[in-house]
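In what follows, a single structure is set out as structure tokens and then discussed.
The values are calculated or read from the model by the stated rules, or taken from the named source; none is laboratory data. Note that the structure is predicted; figures quoted are calculated from it, not measured. All Cβ positions, even for glycine, are placed from backbone atoms using ideal geometry, and neighbour counts span all protein chains on display.
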Amino acid sequence: MTFSNQQPFARTDRSALGLWWWTTDRFLLLAVAILIGMGVALSFGTSPAAAIRTGMSQPFHYAIRQTIFGIGAAGLVLGMSILTPRGARRASFIIYIVAIAIMCVLPFIGHAAKGADRWVQLGGFSLQPSEFMKPALIVLAAWMFAEAQKGEGVPGVSIAFGLYGVAVVLLLLQPDFGQTVLITMAFGVTFFMAGVPLRWIIGLAGVAAAGFVTVSLTFSHVHDRIHKFLSPDKADTHQIDKATEAIASGGLFGRGPGEGLLKRSVPDVHTDFAYAGAAEEYGLVLSLTLIALFAFVVIRGLQRAMKLSDPYEQVAAAGLFVLVGQQVCINVAVNLNIIPTKGMTLPFISYGGSSMLAMGLTLGLALALTRRRPGAYSQTDSLASAGAALP
Amino acid sequence: MQRPHDDLYRAPPNLFRAWRLVIEFLWRIEHAFERSRTRNRPVDDTRVRIFGVLVIFSMLFLFLAVKAGAVALLNHVEVGVEGPTPSIHRADLVDRNGEILALDVPHYGVYLDGREVWSAKETQTSLVTVLPHVPVAKIDEAVSGKRIVLLQSGLTAEERDQVHDLGLPGVSFQEEPRRAYPLDHQASHLIGFADPSGKGLSGAEKALDADIHGAAAAGGHIALSMDLRIQGALEAELKRAVELYGAQNAIGVVTNVQTGEVLALANLPDFDPNHPGDGDPLTKINRAGAYRYEMGSTFKMFTFAMALNEHVARLDTVLDTIHPLQLGSRTIHDSHAAGKNLTMEEVFLESSNIGTARLARMAGIEKLHSYLQNFGVLDRAKIELAESVKPLAPAEWNEDSGVSVSFGHNIAVTPLAVAQGVGGLMNGGHLLPLTIRRREATGAATGPQVISPQTSQVLLQLMRKNVTDGTGRNAEKEAPGYRMGGKTGTAEKVINGQYARKRLFTSFAAVFPTDGPLDAPRYLVLVLLDEPKATAASSGNAQAAWNAGPTAGRVVNRIAPMLNVKRDLTQVAARPIDKPLVEDVSTDAQ
């Protein structure tokens with residue numbers, strides 16, 4: 001059979017890109033594209049104030065960089081989502097090894113900022129390897145859990161916990177307590193979804209709690225933060241209070257583009273408090289749109305992951321969407337003054353190269369795993385007949 | 001049987017064995033995990049679990065959306081925009097014609113919040129350049145602090161802009177309204193002053209504090225009854241009196257007797273309310289309301305009002321003024337005994353103490369007491385000003401104390417109380433409270449009727465006659481044609497409980513015009529001089545007829561045109577001054 005039709009993206013286009021277009025979840029793709037676009041657009045409004053404050057000669061210093069990162073993230077989404085599930089875990093393996101290697105030498109080559117060695121200088125940009133390590137670890141862990149359950153002699157659980165342990169030790173050495181908690185949560189949820197017996201969960205939760213307390217007592221700055229968390233009345237919640245006030249002053253339609261006052265009084269508006277800055281200028285309409293977009297991505301992603309038939313693909317995809325979802329929830333909750341902590345970025349919206357690119361990587365991998373392929377999805381979508389219930 | 005080698009055998013740590021145990025344990029976990037899948041229980045199924053995670057996330061997002069809506073719609077917080085705080089801002093004070101007397105001029109306090117500072121170094125170095133008066137250590141402390149610190153207050157708008165233009169994060173400004181008094185010393189006691197926190201401390205600023213804040217919130221202003229032109233004339237004439245007669249203090253009050261409005265109120269020396277901390281603290285006291293003086297003969301008006309209203313005598317009734325009046329151990333003399341008996345009218349015109357005392361005795365001290373109460377001179381003058389004190393009156397009203405009171409002795413009252421009481425006699429007999437606020441409605445005076453209109457009419461004529469024929473002739477010379485009436489008063493000051501013969505307190509209560517109906521426009525000018533000297537300007541006399549009287553006359557002459565009182569030269573006293581112009585000094589004659 002010959003195909004004379006050379007139209008790109010036609011149904012009959014069997015090239016890699018054509019195949020990608022017809023198999024990728026286009027709704028998810030669209031939502032991610034909108035989020036990246038919004039992140040870039042919003043940064044043009046909020047970051048000039050920060051650029052001027054930090055003595056940048058160019059007011060759009062951060063906005064232009066955010067645009068570059070946005071393009072990079074879009075590239076990563078495309079590049080990663082083209083991969084096959086097998087390619088995804090191979091890529092994850094390489095990324096994990098590189099990230100861990102960089103984290104090992106970070107104390108020697110690292111670029112210290114805000115009291116922690118987390119960044120590595122790369123051609124004018126400073127990147128945080130731990131951000132890229134997170135999705136890689138989730139994919140590898142999901143793979144290992146799946147292998148373990150096949151009963152083919154692969155000690156998957158031990159390997160997955162080994163990978164996790166190495167990452168956590170390196171993160172605590174930086175020290176980066178926030179990322180440790182994020183990774184632990186995502187890893188735990190991944191392990192849970194992989195089918196760990198419920199009674200183990202109780203034991204693991206106890207271990208995690210014990211670890212949390214030990215670590216919090218060991219590291220003074222973590223101890224301080226916990227202390228603030230437990231006694232918010234004494235805590236320095238200045239930025240969070242200001243952020244909540246800003247959201248309130250935004251009302252339904254906002255103060256108007258560029259009219260926000262928060263960015264002039266709070267240093268982290270373009271990063272940690274990007275949500276509040278956006279809500280102040282564009283109001284509840286935009287903030288609900290943002291929440292809805294993220295909710296759509298996470299819920300549709302989990303729904304797609306649920307329907308996959310291969311355990312590795314199921315758990316890996318779901319774990320990646322959990323990674324995105326937990327970060328959104330924590331950031332928005334902080335902005336709304338529900339939980340008193342900070343240091344978490346809002347995917348795609350907050351300024352930051354590592355965060356933007358790592359989110360591109362995460363969602364690229366997730367899209368790759370949820371692509372429609374022959375046999376990827378079970379014949380029926382109903383839960384009752386799903387998975388293990390089949391003979 | 002014990003085998004001693006067992007212990008030795010087990011003692012060394014067997015690393016290999018430990019490793020094998022760990023591996024065995026791990027494999028047990030691996031197999032358990034593997035079995036969990038093959039058991040096929042729905043609760044262990046990945047799909048069910050992903051679905052569970054999905055449900056949790058759905059709820060989380062829903063919660064966040066609801067919370068976002070609640071925060072955005074249910075909180076009404078204005079960020080960065082400070083609403084007007086009514087407790088600080090004060091409304092403008094204006095005179096009755098709208099001339100500005102006091103206003104808020106915005107100043108600014110500059111604050112620094114160390115938590116919002118981005119660059120400590122930049123903040124320090126640039127703040128030092130524009131705020132040279134702030135100690136460097138204070139800036140350093142504020143930069144590293146965790147709270148908002150006031151760096152400097154009282155910045156002008158220009159200075160604030162300088163700091164603002166540095167564009168430093170963490171710097172904020174708070175408006176600090178400072179009160180400005182463009183008139184400087186003028187009317188300082190009437191206007192008073194407010195402290196930097198916006199609290200009125202004296203004068204109208206204190207008396208009308210609540211209303212001034214209220215008017216500020218409503219965006220209005222407060223109009224005082226004072227007329228700046230009259231105030232200016234009064235102050236100029238008081239100043240001249242101090243220069244001419246060497247008085248320590250001069251006090252002047254001008255009122256509208258039909259409304260109780262205070263048109264002018266002045267004390268010399270005065271002060272600058274813009275700098276209330278400077279100068280002698282005594283100059284800040286409004287003596288018109290806060291000091292009590294024995295008025296002397298000016299007080300006789302009240303006794304005459306009582307006597308006329310009670311009909312104890314007629315103006316042509318002859319009173320025994322030859323014989324000194326025995327009061328217990330004391331004897332009341334007249335300082336210039338006429339050597340003959342005087343009619344009641346002559347007693348007023350010559351200001352005879354004996355004659356006035358006889359009137360009081362004829363009516364009875366009880367009557368005098370109740371009339372003085374009705375005239376308001378036994379209580380603080382009713383006026384908004386906090387600077388209005390109760391008089392020092394005899395604790396016991398008997399023949400001795402009461403008779404002394406009848407000629408303004410043994411009772412110390414405030415000038416404001418006198419102005420209030422005399423005003424009530426001159427408007428048909430209505431005692432009106434004084435006010436420092438402009439009255440909108442004008443019309444017939446309404447207030448408790450303290451004397452009959454007929455008595456009021458007779459008193460007006462008596463006052464006029466005193467100026468044409470009595471002790472007020474020097475006043476008339478200064479204000480010809482304004483149909484002025486008046487009464488002099490000269491008292492010896494009480495120093496340490498003793499009357500000081502050479503230290504006098506003189507007063508003149510002038511009312512004009514005295515003609516026309518009882519409810520016609522009529523004004524009172526009360527001038528009081530503290531320790532005037534016998535100077536060339538007063539022809540070597542120190543009594544009221546020679547200083548307070550002419551001063552009041554000059555005030556009337558200047559303000560009558562402002563009050564639309566026409567000069568009528570047919571009403572000028574044509575009579576030559578044939579009698580010596582002397583009056584009784586209120587003194588404790590032996």
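Data table
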quantity: Residue among B:392, B:425, B:416 that alone is in contact with a Gly (Cβ under 6 Å, 6 or more places away or on another chain) and either of a type in the set (A, V, I, L, M, F, W, C) or without any contact (Cβ under 8 Å) to a residue 60 or more places away in the chain (or both); calculated: B:416
quantity: Filtered residues of region A:142-164 (kept if under 20 Å from the mean Cα position of the chain (by Cα) and closer than 20 Å to residue B:28 by Cβ); calculated: A:160, A:164
quantity: Residue ranges of strands (runs of 3 or more DSSP E) in region B:237-340 with at least 1 members of a type in the set (Val, Ile, Thr) and surrounded by fewer than 24 Cβ atoms within 10 Å (Cβ to Cβ); calculated: B:330-332
quantity: Cβ pairs under 9 Å, 6+ apart, first in region B:57-68 and within 14 Å of residue A:339 (Cβ to Cβ) and at the interface with chain A (Cβ under 7 Å from one of its Cβ atoms), second small (Gly, Ala, Ser) and surrounded by 15 or more Cβ atoms within 10 Å (Cβ to Cβ); calculated: B:60/A:295; B:60/A:325; B:60/A:333; B:64/A:295; B:64/A:333; B:67/A:333
quantity: In region A:271-291, residue modelled with the lowest pLDDT [restricted to those that are in contact with a Lys or Arg (Cβ under 7 Å, 6 or more places away or on another chain) and more than 11 Å from chain B (Cβ to nearest Cβ)]; calculated: A:272
quantity: Some residue of region B:440-453 being surrounded by fewer than 23 Cβ atoms within 10 Å (Cβ to Cβ) and over 26 Å from residue B:259 (Cβ atoms); calculated: no
quantity: Of the criteria (1) within 27 Å of residue B:316 (Cα to Cα); (2) at pLDDT 95 or above; (3) β-branched (Val, Ile, Thr), which one residue B:525 fails; calculated: (1)
quantity: Answer residue from region A:251-270, given it is facing chain B (nearest Cβ under 9 Å) and of a type in the set (D, E, K, R) and is farthest from residue A:62 (Cα to Cα) among those; calculated: A:255
quantity: Residue within region A:321-334 that is more than 26 Å from residue A:357 (Cβ to Cβ), facing chain B (nearest Cβ under 10 Å) and more than 15 Å from the chain's Cα centre (by Cα) present; calculated: no
quantity: Residue under evaluation residue A:371, criteria (1) farther than 22 Å from residue B:72 by Cβ; (2) assigned to a helix (DSSP H, G or I), criterion not met; calculated: (2)
quantity: When residues of region B:527-570 are limited to those that are in a strand (DSSP E or B) and in contact with a Ser or Thr (Cβ under 7 Å, 6 or more places away or on another chain), the one surrounded by the fewest Cβ atoms within 10 Å (Cβ to Cβ); calculated: B:529
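Residues checked against (1) within 14 Å of chain B (Cβ to nearest Cβ); (2) surrounded by fewer than 19 Cβ atoms within 10 Å (Cβ to Cβ):
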{"position": "A:147", "(1), (2)": "yes, no"}
{"position": "A:153", "(1), (2)": "yes, yes"}
{"position": "A:181", "(1), (2)": "no, no"}
{"position": "A:200", "(1), (2)": "yes, yes"}
